[in-house]
1. What pairs in K83/K266; K30/K237; K27/K212; K30/K212; K54/K374; K75/K126 have C-alpha atoms more than 31 Å from each other?
2. For q values of 0.07, 0.10, 0.11, 0.13 Å⁻¹, compute log₁₀ I(q)/I(0) with the Debye formula on a Cα-only model of the chain, without solvent.
3. For the chain, what's the relative contact order in percent, using C-alpha pairs closer than 8 Å and at least 6 residues apart?
4. Give me the one-decimal nm value for the distance between modelled label points at D118 and D151, 7 Å along each residue's Cα-to-Cβ direction.
5. At a 1.4 Å probe radius, carbon and sulfur cover how many percent of the accessible area of the range 55-203?
6. Using the Kirkwood formula over every pair of different C-alpha atoms, what hydrodynamic radius in Å results for the range 329-383?
7. Using a/c under 1.5 as the rounded threshold, could you call the range 82-148 rounded, prolate or oblate? The axes a ≥ b ≥ c are square roots of the C-alpha gyration tensor eigenvalues, and prolate needs a/b larger than b/c, oblate otherwise.
8. Where the centroid of each part is defined by its Cα atoms, how far is the range 210-274 from the range 276-340 in Å?
Amino acid sequence: MNNRGVKLDHDLTKSGKDVKEITETLKNFKEKDFDFSSGRVFASMCTEPLDIAKEAYIEFIESNLGNPGLYPGTKEMENQVHKTVSSLINADRMKSVSVGGGTEGNIIALWRARESTDNRKVLLPKSAHFSFEKACSLLDMEPEYVSLMEDCTVDTVELEEKIDDDTAAVVGIAGTTEHGAIDPIEEIASLSGEIPFHVDAAFGGFVIPFLKMMEYDVPSLDLTTKGIDSISLDPHKMGMSPVPLGLFYSSGEKEISVDSPYLTGKDQKSIRGTRASASIPAFWATMNLLGIDGYKEIISDCMEKTDYLIELMEEKDFDTITEPRMNIASFRSEQPEVLVERCAEKDWYISRTVHPPGLRFVVMPHVTERSIEKIVGFLGELR
Ligand code: 0PR
């Protein structure tokens, strides 16, 4: 009963509902959601977790590393996860914190930069994820955008011109959201000098190291490179972890932390206080099961399917915006929003790029050759 005396469907009942009724209703809600296993989702950077991850997630559902003393087992796994991932990108010299994803990592990066420089200007490639807009608004910082080159990486000449005494941070992207482009990280690190340089590797962090091992032509993501202040990378994207899990590594000197006197840990370094932590054991299990070879296999499979998608799209006269460096492909289109909507009406989930306008496909592990053939066939009919 609401306060006007009207009984509504979602009102809390007096004595609760029957389990069977609840289970049935849950099932009905679930059916409305997209399922990665349908192969129809080409616009998500997340994917279906492995069975072992699902089991670990349920097992550790109560874990909350906001209060780590109650969960020493989860905490130990968190330490192991941080070390394992750090060995992929040579981040041993850095401190690490688990975050909710790329957004939280990017916010912490700019917060650190503002505190250490007392400046407000943030130099961002035009390809930067919108989470930086949130970060700048929250932190009262000023984004200033740098143009892109034809291959969708940042124009380093313009970037260098824009660096000045008011600059608080320089950002580079290792795997841009729209095109999967990789900014020249080493060059930006040397240009930025003493100014904090943050690398957003939310997507590329779990792709680039493995592509490199398989001798693909990609820049390396190596945190021993002088001049990188911080990096964020998301296990819940190509790391195959369930959501939410991001990792943020930063050089040791200037840490943001707040004392947490009445909890079991002495301080907190993440923006969240209470943090659902079951994805840490789930990711720990995933990494241990897959090993380097497992990740290589998944990534090379995604790369092959990306090539297949391009081959079929080109047959239908769609041109790529740029040669993909990873498993994200984008194609020029004058009215991508119309095509995206037509696809959605048929339960195909693709998305669009803005710079320049186009169709965007993220070829995650759940995408199949068959689903590629079907979506391209459908887009061909719409031409
Ligand atoms: N940095 C980059 C380069 C990103 O691509 C993203 C997210 C972020 C930061 C922010 O990460 P979180 O959203 O984890 O905080 N990119 C995806 C996007 O906005 C996130 C996403 C994931 C969207 C799954 C849809 C979806 O179904 O496109």
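1. Details: K83/K266 21 Å; K30/K237 22 Å; K27/K212 43 Å; K30/K212 39 Å; K54/K374 29 Å; K75/K126 37 Å.
Violating the 31 Å Cα-Cα cut-off are K27/K212; K30/K212; K75/K126.
2. The computed values of log10 I(q)/I(0) come out as -0.35, -0.70, -0.84, -1.12.
3. Working: 713 pairs, mean separation 87.3, N = 383.
That works out to 23 percent.
4. Calculated label separation equals 4.0 nm.
5. Numbers: 3050 of 6430 Å².
Of all accessible area on the range 55-203, carbon and sulfur atoms account for 47 percent.
6. Working: mean 1/r = 0.0875 Å⁻¹.
Value: 11.4 Å, from the Cα pair sum.
7. Values: a/c = 2.00, a/b = 1.67, b/c = 1.20.
Prolate shape, in that a/c is at least 1.5 and a/b is the bigger ratio.
8. 22 Å
The values are calculated or read from the model by the stated rules, or taken from the named source; none is laboratory data. Quantities reported herein were computed from a predicted structural model and do not represent experimental measurements. FYI the Cβ positions are ideal-geometry reconstructions off the backbone, even for glycines, and counts take in every protein chain you see. With ligands, DNA and RNA removed, areas are computed over all heavy atoms of the protein, side chains included. Shrake-Rupley method; radii C 1.70, N 1.55, O 1.52, S 1.80 Å.
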